[in-house]
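The values are calculated or read from the model by the stated rules, or taken from the named source; none is laboratory data. Nothing here was measured: the structure is a model prediction, and the numbers come from that model. Note that we place each Cβ from the backbone using ideal geometry, even for glycine, and neighbour counts take in every protein chain shown.
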């Protein structure tokens, strides 16, 4: 068996059924081995698209996402997707072709030091130096990507090793060996829970990584503790939970941020106190003690000290937390906060109001549907105004904040879940970042729905220019955008443009009724901002709100 | 504050690059480095300087696949 055949054989034997990629000179032997193999390859139109499709596949299923690229520019084009997967702890395997071993270091055609390049954007990376190492490297790579805190792993394979005969070694099952949970820390955590008068659960992306939604909900049902979510966690707290306050942080809901600022115990469940969550860290939950549950010990104490830390898989640690019922006055206060600061959709005027459109879409789309986002104002509106029943139904580039994520991630999600509706919500800036992937949708007849909220601006940057840069709108005007419906039509994708509020309901119905791909191009007010907003350097209770701005 | 660490990593050039990158990126300035290759492991003695608590570095180094052990000699700063 050649090295190339071994790559395909091992992926198939490990249950990988779909890969995303783009061929080129140094990876041709692997593409040759792929020819006729029982492994479906999706050709994207840019390696970044392949990387994000693999991320979308992984995040919508919890399974390993796999992408291929050639050496040099093929590999460099994967970097953004790797960095994204690193920040958001996504299990990803990237396999890159490399120039032949003898040519490495000679500045050969399409040669880049991919192993060196990978250091800052992967959980781990390999360059295969000998054919006899290939099987073990691939096995380790798949294990590392999926075990502990998941992440991207890159395997760089020189062309001569792909072509050489290599030994096939039996798969050695590796079992992840977590450090045993500290009973001392567990006792401390349970004592803190017993003493708390105003506890809040701060839920992060770790719940999805650990597939621990059931354990989270059991904990919340026992304690009736108010819950706030990070962007990545949205969907982890079931929407019917009475004390779900939605997203916290820079664009979080007022009730969520105020609850955290007032709490005396913050139970951090698979989250990492990201700066977009905390605002001014010194003033974040300043009166709260922290119980930190995470599989990664490096996250504990990295940004905020923990009074008790449970370093373990959340599936193991969450059931060990004892369930004291949160005090009734605190729960009543939370309910009042939630009611006082509920989202409103009674928007005056006849322009399309994006929050209303998204909320309506959320209420009418199937509960099993997946929403992918790009990055910017529309992304925050999705987080605020759409509800999800599972974190695998909301794919948003969190830590990296990568524009161009949404369309290819939706392709990956649709491939992974062909029976479920997949909708990508984008902006007129972001959609152009990977617009070439419309060709991938067409090539594979994928019924991906596309919503473009078009304000003819790089809206989030424009909003900051308005608020913090004296209205100096440097390079954020996109009024020369192409006609998006015409553009989609070139790729065989039907759709419509709407400009008025009274067109929204019908347009959402048309999008949901379409059986194939569809584009809804919604023109919105270029001056619309995302509220509330925690200004840079401020504490989370010092939010700017729409009401304040109007006054 | 200066801290001295001894790090045992797998005997691969990339392993050394990997943990030196982590030290730099996490805000620890390298002031001294001594590397000795043995059959399977490199033993690296390094001194780093930073205002940050040293556990922010050791916790990241311990996560690296090729790092076998991290020993800190300025124990008063460790947790």
Residues within segment A:266-303 that are under 23 Å from the mean Cα position of the chain (by Cα) and either at pLDDT below 95 or within 14 Å of chain B (Cβ to nearest Cβ) (or both), tallied: 12
Unique residue being surrounded by 24 or more Cβ atoms within 10 Å (Cβ to Cβ) and farther than 20 Å from residue A:232 by Cβ when the list is A:440, A:402, A:424: A:440
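Determine which member of the set A:318, A:358 is part of a helix (DSSP H, G or I), under 29 Å from residue A:454 (Cβ atoms), touching a residue at least 40 places away in the same chain (Cβ under 8 Å) and touching a strand residue (DSSP E or B) at 6+ places or on another chain (Cβ under 8 Å).
A:358
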Any hit, segment A:49-68, residues being free of Cβ contacts under 8 Å to residues at least 60 places away in the same chain and over 27 Å from residue A:234 (Cβ atoms): yes
Members of segment A:123-142 found to be buried (at least 18 other Cβ atoms within 10 Å of the Cβ) and either outside any helix (DSSP H, G or I) or within 11 Å of another protein chain (Cβ to nearest Cβ) (or both), listed by number: A:123, A:124, A:125, A:126, A:127, A:128, A:140, A:141
Among the residues listed as A:90, A:79, the single one being away from chain B (no Cβ under 13 Å), under 30 Å from residue A:294 (Cα atoms), surrounded by fewer than 24 Cβ atoms within 10 Å (Cβ to Cβ) and at pLDDT 95 or above: A:79
Members of segment A:143-153 found to be within 13 Å of chain B (Cβ to nearest Cβ), surrounded by fewer than 23 Cβ atoms within 10 Å (Cβ to Cβ) and within 14 Å of residue A:14 (Cα to Cα), listed by number: A:143
Single residue of A:83, A:33 found to be within 18 Å of residue A:146 (Cα to Cα) and touching a residue at least 24 places away in the same chain (Cβ under 8 Å): A:83
Test: residue in segment A:75-87 that is farther than 22 Å from residue A:113 by Cα and more than 21 Å from the chain's Cα centre (by Cα): no
Residue check, residue A:120 free of Cβ contacts under 8 Å to residues at least 60 places away in the same chain, assigned to a loop (DSSP other than H, G, I, E, B) and within 14 Å of another protein chain (Cβ to nearest Cβ): yes
Residues that are loosely packed, with under 12 Cβ neighbours inside 10 Å and either within 14 Å of another protein chain (Cβ to nearest Cβ) or farther than 14 Å from residue B:11 by Cα (or both), drawn from segment B:32-65: B:32, B:34, B:51
Extreme residue, nearest to the chain's Cα centre (by Cα), among residues of segment A:179-224 that are assigned to a loop (DSSP other than H, G, I, E, B) and exposed (fewer than 13 other Cβ atoms within 10 Å of the Cβ): A:179
Residue A:145 being in a helix (DSSP H, G or I), under 27 Å from residue A:180 (Cα atoms) and assigned by the TED database to the domain that holds residue A:55: yes
